[in-house]
Amino acid sequence: MTARIIDGQQLAERMRSKIAEETKAFQAAHGYVPGLGVVLVGDNPASAQYVRMKRRACEAVGITSVGQYLPANATQEEVEAVVNQMNADPAVHGILVQLPLPNHLDEEAVLRAVSLEKDADGLHPINIGRLAMKGRDPLFTPATPTGCMYLLEEAGAKLEGARAVVIGRSNIVGTPMALMLMKANATVTVCHSRTRDMQSIVREADIVVAAIGKPEYVKGDWLKPGAIVIDVGTNKIDDPTDSRGYRFVGDVEFASAVEVAGAITKVPGGVGPMTITMLIVNTLKAAQHSARSAV
Ligand code: GUN
């Protein structure tokens with residue numbers, strides 16, 4: 001059996017054109033456009049690239065973006081001051097603090113400084129706490145796992161009662177992913193670098209989300225036939241046959257997995273485009289929330 005490809009690029013484009021229409025309607029109704037504030041500290045080239053892509057995606061759907069770029073040696077007070085300025089700015093409805101921050105900064109304190117109503121990245125400790133609690137709902141959920149939930153829906157996954165395995169336990173992907181699957185009534189197991197006999201755990205899963213950051217780590221013969229596989233990994237590997245000398249691969253060995261899975265995402269063209277789409281969804285939602293509260 002060959003798996004169906006879950007096309008994240010196509011789903012993202014569909015969602016973005018819907019957001020563009022809603023943004024136009026928002027502007028017609030309120031006389032201003034939604035705005036995203038982006039905070040970037042330091043000169044990590046990958047972070048700078050993500051920020052460029054996020055700002056470009058906003059502009060393409062009619063959302064303005066305001067960037068504040070601080071040097072790598074910025075102090076805690078300077079970073080929080082920028083966040084507070086954005087909290088107070090009525091033209092900024094959503095705020096994104098690009099992670100990781102340089103090591104000398106207290107990441108939790110910076111994320112806590114973001115106004116709850118403007119937490120477009122869903123990483124405020126209160127939003128994450130609500131995500132972790134039964135019967136509570138966060139205002140916003142983190143972009144990457146939210147994008148994965150849409151991809152699962154697109155694949156027709158039945159989450160209720162399903163066995164889901166999340167590989168990786170990072171604060172921005174693995175952990176919130178597990179919480180979101182749990183809220184959707186899946187039975188969730190989280191695997192990580194210390195997990196013993198990961199293969200036998202993955203073998204039980206109807207749904208596998210791989211977010212461990214190791215190139216082609218999960219092999220096809222680990223999978224239960226028919227499983228739905230979401231590959232969050234974006235790993236740069238050397239490839240002399242590619243004109244750039246490198247290419248990107250996921251955390252799943254695609255060639256073997258596609259023969260066993262029922263549906264699978266590709267890298268690139270799977271989770272990546274959805275992550276940025278979720279940020280713009282959240283920014284529009286934040287602006288709509290702010291417009292409602294202003295009435
Ligand atoms: N760095 C890598 N992914 C993300 C993300 O989704 N949000 C933020 N803020 N930083 C990131």
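Below, the figures for the structure above:
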read-out: Breaking point among (1) part of a helix (DSSP H, G or I); (2) surrounded by fewer than 16 Cβ atoms within 10 Å (Cβ to Cβ); (3) touching a His at 6+ places or on another chain (Cβ under 9 Å), for Glu117; value: (2)
read-out: Selection from segment 120-131 of residues that are within 15 Å of the ligand (Cβ to nearest atom) and either part of a helix (DSSP H, G or I) or surrounded by fewer than 16 Cβ atoms within 10 Å (Cβ to Cβ) (or both); value: Pro125, Asn127, Ile128, Leu131
read-out: Scan of segment 248-295 for residues that are over 29 Å from Ala205 (Cα atoms) and either assigned to a strand (DSSP E or B) or modelled with pLDDT of 95 or more (or both), ordered by number; value: Ile280, Val281, Asn282, Thr283, Leu284, Lys285, Ala286, Ala287, Gln288, His289, Ser290, Ala291
read-out: Selection count where residues are in a loop (DSSP other than H, G, I, E, B) and loosely packed, with under 15 Cβ neighbours inside 10 Å, scope segment 228-247; value: 7
read-out: Number of positions in segment 94-104 that are within 13 Å of the ligand (Cβ to nearest atom) and either of a type in the set (A, V, I, L, M, F, W, C) or over 17 Å from Arg292 (Cα atoms) (or both); value: 7
read-out: Ala91 vs. criteria surrounded by fewer than 22 Cβ atoms within 10 Å (Cβ to Cβ), away from the ligand (no atom under 13 Å from the Cβ), within 17 Å of Asn171 (Cβ to Cβ) and modelled with pLDDT of 95 or more; value: no
read-out: Residue identified as farther than 21 Å from Pro273 by Cβ, in contact (Cβ under 8 Å) with a residue 12 or more places away in the chain and not hydroxyl-bearing (Ser, Thr, Tyr) among Leu105, Leu96; value: Leu105
read-out: Residue list for segment 179-223, restricted to those being of a type outside the set (Asp, Glu), crowded, with 19+ Cβ neighbours inside 10 Å and under 18 Å from Ala155 (Cα atoms); value: Met180, Leu181, Ala186, Ala205, Ile207, Val208, Val209, Ala210, Leu223
read-out: Within segment 32-57, tally of residues that are closer than 20 Å to Val114 by Cα, part of a loop (DSSP other than H, G, I, E, B) and more than 13 Å from the ligand (Cβ to nearest atom); value: 1
read-out: Residue that is nearest to the ligand (Cβ to nearest atom), among those in segment 273-291 that are among the small types (Gly, Ala, Ser) and buried (at least 24 other Cβ atoms within 10 Å of the Cβ); value: Ala286
read-out: Strands (runs of 3 or more DSSP E) enclosed by segment 161-227 - at least 2 residues per element that are within 16 Å of the ligand (Cβ to nearest atom); value: 207-210
read-out: Looking only at segment 4-26, and only at residues there that are within 14 Å of Ala286 (Cα to Cα) and of a type outside the set (A, V, I, L, M, F, W, C), the one that is surrounded by the most Cβ atoms within 10 Å (Cβ to Cβ); value: Thr23
read-out: Members of segment 58-87 that are farther than 30 Å from Arg16 by Cβ and in a loop (DSSP other than H, G, I, E, B); value: Pro71, Ala72, Asn73, Ala74, Thr75
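The values are calculated or read from the model by the stated rules, or taken from the named source; none is laboratory data. Treat the numbers as computed from the prediction; the structure is a model and nothing was measured. In this analysis, Cβ positions are derived from the backbone assuming ideal geometry, glycine residues included, and neighbour counts consider all displayed protein chains.
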